[in-house]
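Engineer: Before we start, here is the structure in question, set down as structure tokens.
The values are calculated or read from the model by the stated rules, or taken from the named source; none is laboratory data. No experiment lies behind these values; they were computed from the predicted model shown. Every residue, glycine among them, receives a Cβ derived from its backbone with ideal geometry; neighbour counts consider all protein chains shown. Note: accessible area is taken over every heavy atom of the protein model, side chains too, but ligands, DNA and RNA are not part of it. Shrake-Rupley method; radii C 1.70, N 1.55, O 1.52, S 1.80 Å.
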Amino acid sequence: MRRVIYPGSFDPVTVGHLDIISRSAQIFDEVIVGVLNNNQKSPLFSAEERVDMINKVTENFPNVRAQAFSGLLVDFAKKEGAMVIVRGLRAVTDFEYELQMSQTNHQICPEVDTLFLTASVEYSYVSSSTVKEIARFGGDFSAFVPDIVIPEVKKRFSI
Ligand code: ADP
């Protein structure tokens, strides 16, 4: 059984994330989308709400489930029996941070490796922060997120 963790904030989940999830689901037997519950950030959605949205948009993928976690990613990976972490790379700007994270994780837990999937060209500009920025000013962000996420974001910004 090849189980992979795809960790992130997913605040909210975007079409770019969904692309990485569906591609990972074809490569691995099981994908656990790890939703980071970080007390130091003040997210738009609670970890439970982010987990719910991911579970809804992935309901057609039988081998995908979302789960919140806090603490060290490698500890979560080991607890779930996943020896692989998958991350998406959009541009060179992602690379430096991702390289440092993957090397740090490998150093503190040599059994766990990180694999990178490059963003699909059509989604490479999409990010959760852009969605929130557009929504804050009442703009149209509907191409950036799965359909069920649109009303949830609108509610948060009273659109
Ligand atoms: P972070 O953990 O930095 O808050 P996100 O939750 O936004 O990141 O994203 C989780 C992972 O998904 C990261 O590896 C990020 O690079 C990747 N990702 C985000 N948006 C896209 C996209 N549009 N296409 C491919 N990968 C993406």
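Here's the yes/no breakdown for (1) modelled with pLDDT under 95; (2) out of contact with any Phe, Trp or Tyr (no Cβ under 7 Å at 6 or more places or on another chain); (3) acidic (D, E):
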site	(1), (2), (3)
V84	no, yes, no
S102	no, yes, no
N105	no, yes, no
V112	no, yes, no
F116	no, yes, no
E133	no, yes, yes
R136	no, no, no
E152	no, yes, yes
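Engineer: Same structure again: All but one of (1) open to solvent by 40 Å² or more (accessible area, probe 1.4 Å); (2) of a type outside the set (D, E, K, R); (3) within 29 Å of V121 (Cα to Cα) hold for Q40, so report the exception by its number.
Structural biologist: Unmet for Q40, out of (1) open to solvent by 40 Å² or more (accessible area, probe 1.4 Å); (2) of a type outside the set (D, E, K, R); (3) within 29 Å of V121 (Cα to Cα): (3).
Engineer: Would the stretch 77-97 turn up any residue that is touching a residue at least 60 places away in the same chain (Cβ under 8 Å), part of a helix (DSSP H, G or I) and open to solvent by less than 70 Å² (accessible area, probe 1.4 Å)?
Structural biologist: yes
Engineer: Still on this structure, I have one more. How many residues does the stretch 92-121 hold that are more than 9 Å from the ligand (Cβ to nearest atom) and closer than 25 Å to V149 by Cβ?
Structural biologist: So the count comes out to 2.
Engineer: Could you check the stretch 1-50 and list, in sequence order, the residues that are among the acidic types (D, E) and over 9 Å from the mean Cα position of the chain (by Cα)?
Structural biologist: Of the residues in the stretch 1-50, the ones among the acidic types (D, E) are 11, 19, 29-30, 48-49.
Once the filter is applied, which keeps residues that are among the acidic types (D, E) and over 9 Å from the mean Cα position of the chain (by Cα), the stretch 1-50 yields D19, D29, E30, E48, E49.
Engineer: I've got another one for you. On the given criteria, is P62 within 15 Å of the ligand (Cβ to nearest atom), part of a loop (DSSP other than H, G, I, E, B) and open to solvent by 30 Å² or more (accessible area, probe 1.4 Å)? Give the derivation first.
Structural biologist: Details: within 15 Å of the ligand (Cβ to nearest atom): no; part of a loop (DSSP other than H, G, I, E, B): yes; open to solvent by 30 Å² or more (accessible area, probe 1.4 Å): yes.
No.
Engineer: Please work out if I21 is touching a residue at least 40 places away in the same chain (Cβ under 8 Å) and in a strand (DSSP E or B). Don't jump to the end; show me each part of the working.
Structural biologist: Values: touching a residue at least 40 places away in the same chain (Cβ under 8 Å): yes; in a strand (DSSP E or B): no.
Considered against the rule, which asks whether it is touching a residue at least 40 places away in the same chain (Cβ under 8 Å) and in a strand (DSSP E or B), I21 comes out as no.
Engineer: Right, next: Identify, by number, the condition in (1) under 15 Å from the mean Cα position of the chain (by Cα); (2) within 13 Å of the ligand (Cβ to nearest atom) that A77 doesn't meet.
Structural biologist: Among (1) under 15 Å from the mean Cα position of the chain (by Cα); (2) within 13 Å of the ligand (Cβ to nearest atom), A77 violates only (2).
Engineer: So which of G71, G34 is open to solvent by less than 80 Å² (accessible area, probe 1.4 Å), free of Cβ contacts under 8 Å to residues at least 12 places away in the same chain, farther than 17 Å from V145 by Cα and among the small types (G, A, S)? Talk me through it step by step, then tell me what you get.
Structural biologist: Numbers: G34 fails: free of Cβ contacts under 8 Å to residues at least 12 places away in the same chain.
Criteria check complete, one pass: G71.
Engineer: Conditions first: (1) open to solvent by 10 Å² or more (accessible area, probe 1.4 Å); (2) within 12 Å of the ligand (Cβ to nearest atom); (3) in a loop (DSSP other than H, G, I, E, B). Y6 passes all but one, so which condition is the exception?
Structural biologist: Only one criterion is unmet by Y6, namely (3).
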